[in-house]
Amino acid sequence: MRLEPKPAPTLIETIAYPLGAVAVTFILASLLVLAAGASPFSVFALVVKGAAGSRFAIMETLTRATPLIFTGLAVAVAFRAKLWNIGAEAQLYAGALITVVLATGALPLPAPILIPILMIAAMLAGGLLLLGPAVLKTRLGVDEVVTTLLINFIMLLFVSMLLEGVLKDPMGMGWPRSPKIIADAQLPKLIARTRLHLGFLIAIVAAFIVWIIIKKTTLGYEMRAVGHNPEAARFAGIPVNRVLMKTALLSGGLAALGGFSEVAGLKNNLTLDLSPGFGYTGIVVAMLAMLNPLGVVLAAVFVAGIFVGADAMSRTAGVPSYIADVMVATALLTMVVAIMMTRFRVRWR
Amino acid sequence: MAETVLRLTNITKRFGPLVANDSISLELQEGEVIALLGENGAGKTTLMNILFGHYVADEGSVEAFGKVLPAGDPRAALDAGIGMVHQHFTLADNMTVLENIALGTQSAWSWKLDRSAARARIRQLSTDFGLAVDPDRIVAQLSVGERQRVEILKALYRNARILILDEPTAVLTPLEADALFATLKMLVAEGMSVIFISHKLHEVMAVSNRVLVLRGGKMVGGRDTAGATRQELAALMVGQEVSFPPVEAMPRGPELFSLENVSTAPRAGGSPLQDVSIALHGGVITGLAGVSGNGQAALAALLSGTEKPVAGSIRTGGATVSSWSPREAVAKGIARVPEDRHAVGSIGDMSVTENVISERYRSRRFSRHGIMDWKAARAFAEELIRDYDVKCPSPEARIRLLSGGNMQKLILGRALDPDPVVILANQPTRGLDVGAVAYVHKRLLEARARGAAILLISEDLDEILRLSDEVRVIYKGKLSSASLRGERSVREIGELMAGHSVGEAA
């Protein structure tokens, strides 16, 4: 077996490959469902119903998609420049942390001023958190996969320390959680009696802005050039290290906005279970979207739908909701294969 | 009639729509040297890779000593007594000569290498065939010529009866090439059969008994070397008349770029520069001859802006530069044609448009306030495609899909479009077919006529001698004095390339 390069994928291929990857994912998941003693068709029907079967279900799916759009964008931006940011989880917590620190009374400002300040602060916190690994990569050649991955654990333990200490809510009956943020810091709900909040709209706007940055700006051009061939980029006069710094700031900042949005829009305080791995799932989302910022929105809604739908399904069908984790992980693998197939033709001899 | 040791029958190999080998047959007799002549891309290397089992032919068969070789099995080719010396050496740099040669000749399960027996055998082969090399040296410390000798010894050590040499002289000095030819003569006298791949006519005439010419994947002719003329072979190889542009005399212009007592930091894969001074003048092509790895890369990196001197200064247009980077170099009007067009000169997965603006995307022509003007970029790409006669499906095509010649034309266009004052042309024609070579030469001569100063770095001595108004030789990071056109003979230049001072070895 050998791989031969092939021409740029056509539009049809760009759409067909992710769909094919998803289809294979469903087939593989069916085997597990069968092993659990249920019928794949009824289980998947229940997943779809749970994710999109009612107005409430749709709103719930979009709510769940919101942080995934942010982390997906963070990963897409970084991976474009081949900056392997595996630390969106930590950056998300950094954004959440700064939001809680500033919004629990430290800045008594009205909402229209406070919320932008919180967003900027969160982006700075997340960006700076990724800047460290980026500097280590460019100056000392330290592999950013290792550093960003390990910072996730450090960050989680750091937050845990704060929640057991200075940030602990005195009214929290001993639970490790922060006080609630003030009303002016809370994002309004988009639709009454649902959990969908303004953060979703901010995520959509962010996706458009990132799309414009990548397609239309010199920075986006530089990021792509550096990602495809850093040596040629350097030769042409593109400041490779500076581009990687900017990419790190943008990527970390986007992930941190996810943390801001979860705290300010949904939870209103910080706990250790703020993110059930949104940072890691963001990698799947970005890959499913083939690093396209607008695709990230669709992929995030799809992945969120699987999680929300699987929760609902497990209550009725008795198949554990872990099937969602398996499906998302499988989707990552099938998508990696699909992306390779857009670039190479497999030849059997 | 000597025995036929190797027979290729109707070999056909396709890569997608490209037919690299179209029903090629050949026979090699014992003790014979066949030269396989053809331009880059004619299918010579593909054919040899099929013979050696690296590729599987779509049709046809390979027969050695009367037995059909199984397709796609290099081990079978080795066992049948076929040895190949590749264009790019396949040696482990961190191991000794002896280890490299013995590598793979014994079972992976055996514990120890019988070093003394292997050493004695290697010594014997070296003396028998004039392949001087110390078996206990680390390969990384060897010169290119020595490495090639190790490759040949490797084949002999495995009792090769058929030796294939792929462009063996491309990396050698003229003196080393003569030594190689002498070795081949000795081997042939012992009954070795040789296939010698080349695109240089004079070598082919010097070593072979028979010449086979490939063009566009087809065998277009075969001649006994004794009865063939160079003109006849050249016409067969190219298939049409290619006229090289004449080099007309030009007045020497002002100094446009100079290095003064420049030294560079040690670098991997080549000498750094040591106290080098050179001035490039308008209307002058300065040719830099030398065996690769002697400091060409460091000099090219300096002109490109990717490296800074550790001592000495760079002057452009009469003023010493204070800061130096690729962007500064472009801003000072230096056009750069890099040695490696795939790894350095282009970004393969980006489009033609995105590639041709890579040096100037920040200029007002292609972007304003950080927003790209893709319409202007595309128009520029279309202009280059038209002006430089580039064959490509569209400006949106990924540049990796273009042939080497077309890619090089785009890189040349990108560099020459802003009317640069200084041009660095590093191996500008390596791997191109004759038509494309003539085109590149024409463009460089046009720039010279316009008054640009050109530094031409090339391993092809013929190219340097044809184009250059003055020639310098680089050896171990030091430059020889300049000689004007015709002042030094090929032999003298060859001696300088080998590190002798002229006259000493004569």
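The values are calculated or read from the model by the stated rules, or taken from the named source; none is laboratory data. These numbers come from a predicted model, not from an experiment. Cβ atoms come from the backbone with ideal geometry, glycine included; neighbour counts cover every protein chain shown.
Let's see how each residue does on (1) in contact (Cβ under 8 Å) with a residue 12 or more places away in the chain; (2) assigned to a loop (DSSP other than H, G, I, E, B); (3) under 23 Å from residue A:296 (Cα atoms); (4) among the aliphatic types (A, V, I, L, M):
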site	(1), (2), (3), (4)
A:49	yes, no, yes, no
A:58	no, no, yes, yes
A:61	yes, no, yes, no
A:77	yes, no, yes, yes
A:86	yes, yes, yes, yes
A:98	yes, no, no, yes
A:109	yes, yes, no, yes
A:129	yes, no, yes, yes
Next on the checklist: As an exercise: evaluate residue B:222 against (1) modelled with pLDDT under 90; (2) assigned to a loop (DSSP other than H, G, I, E, B); (3) among the small types (Gly, Ala, Ser) and give the number of the one condition it does not meet.
Outcome noted: (2)
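For residues in the range B:380-412 being assigned to a loop (DSSP other than H, G, I, E, B) and of a type in the set (S, T, N, Q), which is surrounded by the most Cβ atoms within 10 Å (Cβ to Cβ)?
First, pick out the residues of the range B:380-412 that are assigned to a loop (DSSP other than H, G, I, E, B): B:388-397, B:402-403.
Narrowing the set further to residues that are of a type in the set (S, T, N, Q) leaves B:394, B:403.
On the way: B:394: 12, B:403: 17.
The extreme case among them is B:403.
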Checklist entry - So which of A:217, A:148 ends up being within 14 Å of chain B (Cβ to nearest Cβ) and touching a Gly at 6+ places or on another chain (Cβ under 6 Å)? => result A:217
Checklist outcome for this item: Filtering the range B:326-353 down to residues that are more than 7 Å from chain A (Cβ to nearest Cβ) and more than 27 Å from the chain's Cα centre (by Cα) yields B:328, B:331, B:332, B:333, B:353
Checklist entry - Based on what the data block shows, is residue B:360 more than 10 Å from chain A (Cβ to nearest Cβ), among the basic types (Lys, Arg) and part of a loop (DSSP other than H, G, I, E, B)? => result no
Item to check | Wholly enclosed helices (runs of 4 or more DSSP H) of the range A:259-349 bearing at least 3 residues within 14 Å of another protein chain (Cβ to nearest Cβ) | outcome: A:322-343
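Do we have residue B:384 as among the aliphatic types (A, V, I, L, M) and more than 9 Å from chain A (Cβ to nearest Cβ) here? Write out each step before concluding.
Working: among the aliphatic types (A, V, I, L, M): yes; more than 9 Å from chain A (Cβ to nearest Cβ): yes.
Yes; evaluated as a whole, the condition is true for this residue.
Keeping to the range A:223-237, report how many residues are more than 8 Å from chain B (Cβ to nearest Cβ) and either out of contact with any Lys or Arg (no Cβ under 6 Å at 6 or more places or on another chain) or free of Cβ contacts under 8 Å to residues at least 40 places away in the same chain (or both). Outline the logic, then answer.
Filtering the range A:223-237 down to residues more than 8 Å from chain B (Cβ to nearest Cβ) leaves A:223, A:226-227, A:230.
Next, only the ones that are either out of contact with any Lys or Arg (no Cβ under 6 Å at 6 or more places or on another chain) or free of Cβ contacts under 8 Å to residues at least 40 places away in the same chain (or both) stay: A:226, A:230.
Number of matching residues: 2.
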Next on the checklist: Among the residues that make up the range B:254-270, is at least one of them aromatic (Phe, Trp, Tyr) and either more than 14 Å from every other protein chain (Cβ to nearest Cβ) or within 30 Å of residue B:398 (Cα to Cα) (or both)?
Outcome noted: yes
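Return the only residue of A:274, A:254, A:288, A:270 being of a type outside the set (Gly, Ala, Ser), touching a helix residue (DSSP H, G or I) at 6+ places or on another chain (Cβ under 7 Å) and more than 24 Å from residue A:127 (Cβ to Cβ). I'd like the intermediate steps shown before the answer.
On the way: A:274 fails: more than 24 Å from residue A:127 (Cβ to Cβ); A:254 fails: more than 24 Å from residue A:127 (Cβ to Cβ); A:270 fails: more than 24 Å from residue A:127 (Cβ to Cβ).
Matching residue, one of A:274, A:254, A:288, A:270: A:288.
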Item to check | Elements of type strands (runs of 3 or more DSSP E) contained in the range B:254-307, each with 1 or more residues being touching a Pro at 6+ places or on another chain (Cβ under 6 Å) | outcome: B:255-263
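May I ask you to verify whether residue A:146 is in a helix (DSSP H, G or I) and within 20 Å of residue A:177 (Cα to Cα)?
Values: in a helix (DSSP H, G or I): yes; within 20 Å of residue A:177 (Cα to Cα): no.
Here the answer is no, as residue A:146 does not meet what is asked.
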Item to check | Qualifying residue in the range B:371-379 (condition: in contact with a Phe, Trp or Tyr (Cβ under 6 Å, 6 or more places away or on another chain) and part of a loop (DSSP other than H, G, I, E, B)) | outcome: yes
Next on the checklist: Quick check on the range B:8-16. Is at least one of its residues hydrophobic (A, V, I, L, M, F, W, C), surrounded by fewer than 23 Cβ atoms within 10 Å (Cβ to Cβ) and within 14 Å of chain A (Cβ to nearest Cβ)?
Outcome noted: yes
Checklist entry - Which one is farthest from residue B:285 (Cα to Cα), of the residues in the range B:413-428 that are crowded, with 23+ Cβ neighbours inside 10 Å and of a type outside the set (A, V, I, L, M)? => result B:414
Checklist outcome for this item: Per the list (1) within 14 Å of another protein chain (Cβ to nearest Cβ); (2) free of Cβ contacts under 8 Å to residues at least 12 places away in the same chain; (3) not hydroxyl-bearing (Ser, Thr, Tyr), residue check on residue A:240 breaks on (2)
